[in-house]
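These notes concern the structure reproduced below.
Here, each number is a calculation from the coordinates, and none is a lab measurement. A quick note: this is a predicted structure, and the numbers were derived from the prediction, not measured. Cβ: placed from backbone, ideal geometry, glycine included. Neighbour counts: every protein chain shown.
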Amino acid sequence: MINPASRTNTIELSQIRKMFEATKPGAINLGIGEPDFDVPQNIKDAMKKSIDENDTHYSPNKGYIELREEIAKKFKKDNDIKTNSENIIVTVGASEALYASTQAFIEKGDEVLLPNPSFLLYEAVINLAGGDIIPVDCKMENEFKLKAEDVQEKITKNTKAIILNSPSNPTGAVMEKEDIKAIADLSMDKNFLIISDEIYEKIIYDKKHHSPAKYSDNVITINGFSKTYAMTGLRVGYLTANDEHTEEIFKIHQNSIACANSTAQRGAIEALTGPQDEVNKMVNEFKKRRNLIVKRLNEMGHETVNAEGAFYVFPKIEDENFVKKAADAGVVTVSGAAFGSNGKGHVRMSYANSYENIEKAMNILEERVTNG
Ligand code: PMP
């Protein structure tokens, strides 16, 4: 084998592989990280039309102008973020936005504050960029919400960035407005960047989402179509930042992926401009399932926070063999430890599965794993 570049040493595939290990036929999968809904019909139709009209060439590097204009409107309407189409880059999912942002701003010697636990990709993109990860605890006593005072304690002269993710994968926690504002103020005072991953923005129950970019100029706001419109495989995300920051990220984007998929971008325009009933239906359904899974887990004695967003719960389960026992009994879950040291003693369960299946899964866990 040819020697790989040393940066690949920072990536541990085995952890990720473990999470996707073969599911037994007939098992109920609560390990899923994507909505179990299909792409709404109006979005499918827009994509079919774009293919029939041969709208399948390269788009501008930053994405179709119509799409960027709609995204700018969305930012203003939903997030109170003032931006414009020039400062928006349409990316290959939020994943590419995270990669391009970290490549553009993080290098050796930079400290990046990272909520612990958090989504696996964050650690990987920081490592690939050569940055040092400084974990910030998200404590169960705070319902896993990241607190500004815990962030403040970790700031040093080398702090270059923090990654925020509200609503959170893996905990479902939705940060409080005052913490978001306080961290945004810190980013201005101490001159560091906030990379705010807001991909679960719309999957939120009885709570308002707040964007740090409303309060600070040092924010890269990342969002996408994967979760809100169940468009995971179509790979469209986007970001916005101020002029100078956007330009640096654009250098990475233009020279790595050229542009996002043109057909999927047409679908994304329809997603933003068309009816939103499917989104509302999906969120209502997720809420019913959240209520069910939280109730059942607590009744079983697995302390579970009534998570306010995303489609994950993060019960406290100290039995180290739980994930294996559950899998053997036919329920797939993910060990919380996969998301950082604070995830130890917890299990991530996704409720992106039908109400009936969640009910069945809870019965199995109750009868054959918890009391078995
Ligand atoms: N951020 C978070 C928190 C996620 O959970 C995911 C998907 N699991 C992503 C980003 C990636 O989303 P995309 O499909 O837009 O790349």
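Given Cα positions, please report Rg to Rh for the chain, the hydrodynamic radius being the Kirkwood one. Radius of gyration over Kirkwood radius for the chain works out to 0.96. Does segment 142-301 classify as rounded, prolate or oblate by the C-alpha gyration tensor (a ≥ b ≥ c root eigenvalues; a/c under 1.5 gives rounded; else a/b over b/c gives prolate, otherwise oblate)? Cα axes put segment 142-301 in the oblate bin. Here's how it looks for Ile220: its modeled amide H is under 5 Å from those of Ile194, Ile195, Ser196, which are all 5 or more places away or on a different chain.
Per-residue ellipticity at 222 nm from helix content only, as computed over the chain with -39500 (n - 2.57) for each DSSP H run of at least four residues, stands at -12000 deg cm²/dmol. Remark on Asp132: its backbone amide H falls under 5 Å from those of Gly109, Asp110, Glu111, Val112, a criterion applied only to residues 5 or more positions apart or on other chains, H modelled at 1.01 Å from N. Counting DSSP beta bridges with both partners in segment 41-273, what percentage is antiparallel, nearest 5? So the antiparallel bridges amount to about 30 percent of the total. Residues Leu114, Leu186, ranked from the fewest to the most other C-beta atoms within 10 Å, line up as Leu186, Leu114. Database remark: amide H of Cys138 closer than 5 angstrom to the amide H of Asn116 (H placed geometrically; neighbours at sequence offset of 5 or more, or on other chains; Pro and chain starts carry no H). Remark: relative contact order (segment 88-235) = 22 percent; criterion is Cα-Cα distance under 8 angstrom and separation of 6 or more residues.
Residue by residue, segment 97-110 carries 3J(HN,Hα) couplings of 4, 5, 5, 5, 5, 6, 4, 6, 10, 10, 8, 3, x, 7 Hz when phi is fed to the Karplus relation 6.51 cos²θ - 1.76 cosθ + 1.60 (θ = phi - 60°); x denotes Gly or Pro.
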